[in-house]
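Peer 1: Submitted below is the structure of interest, expressed as structure tokens.
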Amino acid sequence: MNGLRVLFIGGSGLISSACSWLAVERGLDVYALNRGTTRVRPLPSEVTVLHGDVRDPTSVAEALDGHEFDVVVNWVAFTPDHVEADIDRFRGRIGQYVFISSASAYQTPPSRVPITESTPLSNPYWQYSRNKIACEDRLVRAYREEGFPVTIIRPSHTYDRTSVPAYAGWTLIERMRLEREVVVHGDGTSLWTLTHSDDFAKGFVPLLGNTRTIGEAFHITSDDVLTWNQIIMILAKAAGAEAKIVHVPSETIAATDPDWGAQLLGDSAHSLIFDNSKLRSVVPDYVATITLEQAAPEIIAWHDQDPSRQRVDVDLDSLMNKLSAEFRRGS
């Protein structure tokens, strides 16, 4: 793996930054193509940053001029035209193209768990997921018809210290600290898998340059499964607060807030447990070791270090007031 020249399109995001650090640690020659505007997750000094706007073909061409890569990973491709541009740009020039899809592309709701890579792809609720499926379809066709060397990766709910792993984000923590009620969908007992980005990186980096992955799809998740009630209570404990949970039907939330509803009905309202056997067949030593109980204090501490990080969504806060009043505990 040492000396492998890898281009991350993106590279400083929630998941990709952890992969950048581990890739450098493992001896890869990492380049990152981005606009250079983020400072939340700094890249290792060993990463060569190429400044360009991935949505501007001229900008990308100028940034990549004179560079050749063994592997290209696109962290920020969301629609078929994004991957179409990459197929045209990298056809015949690279040994592996890694597309970051989403586990929300799997059949929703799932007909059986645990989910494997052979679970059908179908999500009638969330356009984001349907777009990822369309991207996968185009890349698989490119692989079958012309040998385009694609590997598909499907992350599930992945987080790091900068992100509160719940839809409401810091708004949730702020409400609990102010002793206000917080909304949890359904009865809060659906099962959910959370994966820390450092654990994701341990499964991801060994796939780079691995010829056994070409034409294949893998999800990378932890094996730590929690209910949503447990997730909220763990976060509350780390924040030094009490979780005053109000349960609201997912369909009611969806009718009130279409964005939250699409994410719920298209993903987190359903119990999702994953079988990582396929990943371990290629990365035998993969094991996720970071639990939410371990990570939650670091999440809270990171936000407490700088009040500007404590962003409250005023509209979402108001919505929680409305829903909690309507579905108050015991009413």
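Peer 1: Would you say Ala201 is under 26 Å from Leu121 (Cβ atoms), in contact with a Cys (Cβ under 7 Å, 6 or more places away or on another chain), crowded, with 22+ Cβ neighbours inside 10 Å and in contact (Cβ under 8 Å) with a residue 60 or more places away in the chain? Full working, then the answer.
Peer 2: On the way: under 26 Å from Leu121 (Cβ atoms): yes; in contact with a Cys (Cβ under 7 Å, 6 or more places away or on another chain): yes; crowded, with 22+ Cβ neighbours inside 10 Å: yes; in contact (Cβ under 8 Å) with a residue 60 or more places away in the chain: yes.
Judged against the criteria, Ala201 is a match.
Peer 1: What helices (runs of 4 or more DSSP H), lying completely within segment 1-109, carry at least 2 residues that are among the β-branched types (Val, Ile, Thr) and touching a helix residue (DSSP H, G or I) at 6+ places or on another chain (Cβ under 8 Å)?
Peer 2: Numbers: elements: 16-25, 57-64, 80-90.
Qualifying helices (runs of 4 or more DSSP H): 80-90.
Quick grid of which residues meet (1) of a type in the set (Gly, Ala, Ser); (2) surrounded by fewer than 21 Cβ atoms within 10 Å (Cβ to Cβ):
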{"position": "Asp86", "(1), (2)": "no, no"}
{"position": "Arg89", "(1), (2)": "no, yes"}
{"position": "Ala105", "(1), (2)": "yes, no"}
{"position": "Lys132", "(1), (2)": "no, no"}
{"position": "Gly147", "(1), (2)": "yes, yes"}
{"position": "Ile152", "(1), (2)": "no, no"}
{"position": "Ala166", "(1), (2)": "yes, no"}
{"position": "Met176", "(1), (2)": "no, no"}
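Peer 1: Answer with yes or no whether Glu117 is surrounded by 14 or more Cβ atoms within 10 Å (Cβ to Cβ) and either assigned to a loop (DSSP other than H, G, I, E, B) or modelled with pLDDT of 95 or more (or both).
Peer 2: Details: surrounded by 14 or more Cβ atoms within 10 Å (Cβ to Cβ): yes; either assigned to a loop (DSSP other than H, G, I, E, B) or modelled with pLDDT of 95 or more (or both): yes.
Taking the combined requirement at face value, the residue satisfies it.
Peer 1: While we're on this one: Please go through (1) under 23 Å from Cys135 (Cβ atoms); (2) over 24 Å from the mean Cα position of the chain (by Cα) for Asp86 and return the number of the only condition it doesn't satisfy.
Peer 2: (2)
Peer 1: Against the conditions (1) over 25 Å from Thr289 (Cβ atoms); (2) buried (at least 21 other Cβ atoms within 10 Å of the Cβ), where does Ile232 fall short? Just the number, please.
Peer 2: Unmet for Ile232, out of (1) over 25 Å from Thr289 (Cβ atoms); (2) buried (at least 21 other Cβ atoms within 10 Å of the Cβ): (1).
Peer 1: Yes or no: Val72 touching a residue at least 12 places away in the same chain (Cβ under 8 Å), under 27 Å from Arg130 (Cβ atoms) and either buried (at least 20 other Cβ atoms within 10 Å of the Cβ) or charged (D, E, K, R) (or both)?
Peer 2: Working: touching a residue at least 12 places away in the same chain (Cβ under 8 Å): yes; under 27 Å from Arg130 (Cβ atoms): yes; either buried (at least 20 other Cβ atoms within 10 Å of the Cβ) or charged (D, E, K, R) (or both): yes.
So Val72 passes the test.
Peer 1: Inspect all residues belonging to segment 59-67 and state whether any of them is touching a residue at least 40 places away in the same chain (Cβ under 8 Å), among the charged types (D, E, K, R), more than 16 Å from Leu14 (Cβ to Cβ) and out of contact with any Leu (no Cβ under 8 Å at 6 or more places or on another chain).
Peer 2: Checking segment 59-67: not a single residue is touching a residue at least 40 places away in the same chain (Cβ under 8 Å), among the charged types (D, E, K, R), more than 16 Å from Leu14 (Cβ to Cβ) and out of contact with any Leu (no Cβ under 8 Å at 6 or more places or on another chain).
Peer 1: Among the residues of segment 137-176, which ones are among the charged types (D, E, K, R) and under 16 Å from the mean Cα position of the chain (by Cα)? Can you show your working first?
Peer 2: Taking segment 137-176 and keeping what is among the charged types (D, E, K, R), we get 137-138, 141, 144-146, 154, 160-161, 174-175.
Scanning segment 137-176 gives Arg154, Asp160, Arg161.
Peer 1: Any chance segment 285-292 includes a residue that's at pLDDT 95 or above, farther than 22 Å from Pro109 by Cβ and in contact with a Leu (Cβ under 8 Å, 6 or more places away or on another chain)?
Peer 2: Yes, there is a match, as at least one residue in segment 285-292 is at pLDDT 95 or above, farther than 22 Å from Pro109 by Cβ and in contact with a Leu (Cβ under 8 Å, 6 or more places away or on another chain).
Peer 1: State which residue pairs qualify: first residue over 22 Å from Arg212 (Cα atoms) and inside segment 1-30, second residue basic (Lys, Arg) in any location, beta carbons under 6 Å apart, and separation of 6 or more residues or different chains.
Peer 2: Ser12/Arg41; Ser17/Arg41
Peer 1: Being outside any loop (DSSP other than H, G, I, E, B) and free of Cβ contacts under 8 Å to residues at least 24 places away in the same chain is the filter; apply it to segment 269-300 and report the residue that is surrounded by the most Cβ atoms within 10 Å (Cβ to Cβ).
Peer 2: As a first pass, look at segment 269-300 and keep what is outside any loop (DSSP other than H, G, I, E, B): 274, 277-282, 292-300.
If we keep only those that are free of Cβ contacts under 8 Å to residues at least 24 places away in the same chain as well, we get 280-281, 294.
On the way: Arg280: 13, Ser281: 11, Gln294: 11.
Applying the filter and picking the extreme gives Arg280.
Peer 1: I'm trying to understand the selection: among the residues of segment 50-65, which are buried (at least 17 other Cβ atoms within 10 Å of the Cβ) and either polar (S, T, N, Q) or touching a strand residue (DSSP E or B) at 6+ places or on another chain (Cβ under 6 Å) (or both)?
Peer 2: Filtering segment 50-65 for residues buried (at least 17 other Cβ atoms within 10 Å of the Cβ) gives 50, 52, 54, 60, 63-64.
Residues satisfying the conditions are Leu50, Gly52, Val54, Ala63.
Peer 1: If a residue has to be in a loop (DSSP other than H, G, I, E, B) and either over 18 Å from Ala262 (Cβ atoms) or among the small types (Gly, Ala, Ser) (or both) to count, how many in segment 128-178 make the cut? Break it down into steps so the answer makes sense when it comes.
Peer 2: The first filter runs over segment 128-178 and keeps only residues in a loop (DSSP other than H, G, I, E, B), leaving 147-149, 156, 160-169, 178.
Then drop every residue that is not either over 18 Å from Ala262 (Cβ atoms) or among the small types (Gly, Ala, Ser) (or both), which leaves 147-149, 156, 160-166, 168-169, 178.
Counting residues in segment 128-178 that are in a loop (DSSP other than H, G, I, E, B) and either over 18 Å from Ala262 (Cβ atoms) or among the small types (Gly, Ala, Ser) (or both) gives 14.
Peer 1: Need the failing condition index for Val49 against (1) more than 23 Å from Thr213 (Cβ to Cβ); (2) at pLDDT 95 or above, just the number.
Peer 2: Status for Val49: all satisfied but (2).
Peer 1: If Phe78 satisfies every condition in (1) among the hydrophobic types (A, V, I, L, M, F, W, C); (2) surrounded by fewer than 18 Cβ atoms within 10 Å (Cβ to Cβ); (3) more than 25 Å from Ala201 (Cα to Cα) but one, which is the exception?
Peer 2: (3)
Peer 1: So which residues in segment 303-327 are surrounded by fewer than 15 Cβ atoms within 10 Å (Cβ to Cβ) and in a helix (DSSP H, G or I), if there are any at all?
Peer 2: Passing the criteria: Asp304, Pro307, Ser308, Arg309, Val314, Asp315, Ser318, Asn321, Lys322, Ala325, Glu326.
The values are calculated or read from the model by the stated rules, or taken from the named source; none is laboratory data. Everything quoted here is computed from the prediction, not taken from an experiment. Neighbour counts run over all protein chains shown; Cβ positions are idealised from the backbone, glycine included.
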